[in-house]
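To start, the structure under review is shown below, and the notes come after it.
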Amino acid sequence: MMKNKNLKSVVLVLLVLFLINIMGNFYFHRFDLTADQRYTLSPTTLKIIDGVKEPLIIDVFLKGEFPGEMKKLQSETQQILEEFKAYNSNVVFQFINPLEEEDKRDATIQAFLERGLTPINVTLNDKGKQTQEVAFPWAIATYHGRSVKVPLLKNIMGASIAENVVSSVQHLEYAFTSAFNSVTKPKQKKVAVIKGNGELNDLLMGDFIKQVKENCFIGTFTLDSVAKKPVETLAVLKKYNLAVIVKPVEKFSDQEKLVLDQFIMNGGKTLWLIDQVNIEMDNLYNESGTTLAFPNDLNLNDMFFKYGVRLNQNIVKDIMAAPITLAIGENGSGTQYNQFPWFYSPLVYSTVKHPVVSNLDAVKFEFTNGIDTLKNGIKKTVLLKSSPYSRLVGAPVEVKLEMVNDRPEQEEFLNKGNIPVAVLLEGKFHSCFENRVLPFEEKSFLNLGKYNKMIVISDGDVIKNQLDKNNQPMELGYDKWTNKLYGNKEFMMNCVNYLIDDSGLINIRNKVVNLPILDKEKVYDNYTSAQIISVGLPIIILGIFGLIFTFFRKRKYSK
């Protein structure tokens, strides 16, 4: 009787397991039991992964001995890749130790550097003993012979490795999904770099152009033809999705303004980087160490006013500033180079929760101007603003290098800071030529545009890269004089992606992940007790459970 009952139970269990297996073939679901839902992929990510029809190979260079923080990045990277693979078996990944062969170590490091895969030095601690190791926090995604780099570790200035890892884990999904989107889909969007009014030289924004070129078609679009063929020029410009206007120094004619205005009214996105005050850092490096900052009239004020912002002819002076390197002492062998704070180069940190600036490192500005937002029915989001300890300096004004010796009092900045320097505008814009005589006849003229977006930044140097000794563009945001890397590149690419990306990919950057990090000092101070609690205690509990189980088992079957 007992055997029949047990047999029925076994058959029932097997039947239930069989039915569950059958249902599992028709219904797929993964349960994320983490408090912050860190392994729950966004609908945008799932849509992009679903479009992967052939093997997508991901090589992750995070294999080897790492400190606890880097091991966390390693494990989180593996977890997110396993989530991708669970939804699409075409996603194939492997972890590689690029420095496994010691005899090829130097050649490997050089090869990685040439590909732009910069390494980091990590410190391994073992009971006070420290050793240095090189790590490459990068991955490469390859699809149909096309490859794209995936940065795994954010390098936030002034932050510890642990803080950088937490910040990086938050963006792992975005980093990989953005790379998958780039490598699996053909280029579609078109970006125009506007020329004709003394805009920034292409070489000085070469790294930005190179980065945009990975995902979009990008080319120069000159407004010189507007004078003779304004209608035809506008028709060609309408074929672009985004117009980037960087640091013009010459006035825009009314005809050129109408072309840009109607491009916007017809849904064209714009990224403005405008200097309302004319001054260059290079002009300070002369015998006197002085130069004059004077207003720059570009004839664009009425356009910006109509769209909802006003760029002022002043300069932001900020205590939270980037340093500059100056030579001191005697010329020749006695020359020394020191770094000094330069209050006209504000370091701007994001303070709002928006995908363009979420979890963004400090962005370096240079002689930036203040922006006022105006009421006109357009939604305005201040993306970046100066620190609370900043103020405006009117132009014209004489600027001197010897200002590095100034020690400003906090009173002169009291209640004058938080000045907007980058603003996002969204809505249906009214034409600045509404109820005005048009400078040329445009039959398709629109007074009210389609729903649109634009970003206005009051500094053209945000996009400007330095040049190396071979006169080639260096990475955007890198300052070779101070050896610091700022968040300018990430900010500019986020701006472009937000303006022209229709898939909502950029919104993944708002994902928040909470990673508990061990306090190293507490661990070292309580090393023995930590070992007992983490290793010994589970064994003791298991032993006690075994003894109790054995006792009751003997008691039950000894009768």
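The values are calculated or read from the model by the stated rules, or taken from the named source; none is laboratory data. Predicted, not measured: the structure shown is a model, and the values here were computed from it. Because the Cβ atoms are built from the backbone with ideal geometry, glycine has one as well, and the counts that use them run over all protein chains shown. For the accessible areas, the whole protein counts, side chains as well, though only heavy atoms, and no ligand, DNA or RNA atoms are used. Shrake-Rupley method; radii C 1.70, N 1.55, O 1.52, S 1.80 Å.
At-a-glance table
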item	result
Ranked order, F66, F217 - accessible area, probe 1.4 Å, largest first	F217, F66
The chain: equivalent-ellipsoid semi-axes (sqrt of 5 x gyration tensor eigenvalues, Cα, Å)	52, 33, 22
Ranked packing of 412-423, 483-494, most packed first, by mean Cβ within 10 Å	483-494, 412-423
Point-charge dipole on Cβ atoms (K/R +1, D/E -1) for the chain, about Cα centre, debye to 20	3440 debye
Helix-only CD estimate at 222 nm, as mean residue ellipticity for the chain, using -39500 (n - 2.57) per DSSP H run (n ≥ 4)	-9000 deg cm²/dmol
For V165, net neighbour charge (Lys/Arg +1, Asp/Glu -1) across residues whose Cβ lies under 11 Å away	0
Selected from V421, L446, M474, residue furthest toward positive end of dipole (segment 409-474; charges at beta carbon)	L446
Computed FRET value (nearest 0.05) for E100 with W481, which takes r as the C-beta separation and R₀ as 25 Å	0.10
Exceeding the 23 Å Cα-Cα cut-off - candidates K238/K306; K228/K453; K185/K257	K228/K453; K185/K257
Within-10-Å neighbourhood charge of T222 [Cβ basis; K, R +1; D, E -1]	-1
Unit charges at the beta carbon, dipole of segment 193-312: most positive-side option, V231, L260, G289	V231
Low-density loop positions, trypsin sites (Lys or Arg not before Pro), segment 147-229 - DSSP coil, at most 14 other Cβ in 10 Å	K187, K228
Fraction of antiparallel bridges per DSSP, the chain only, in percent to nearest 5	70 percent
Segment 126-245: antiparallel DSSP beta bridges as a percent of all, rounded to 5	45 percent
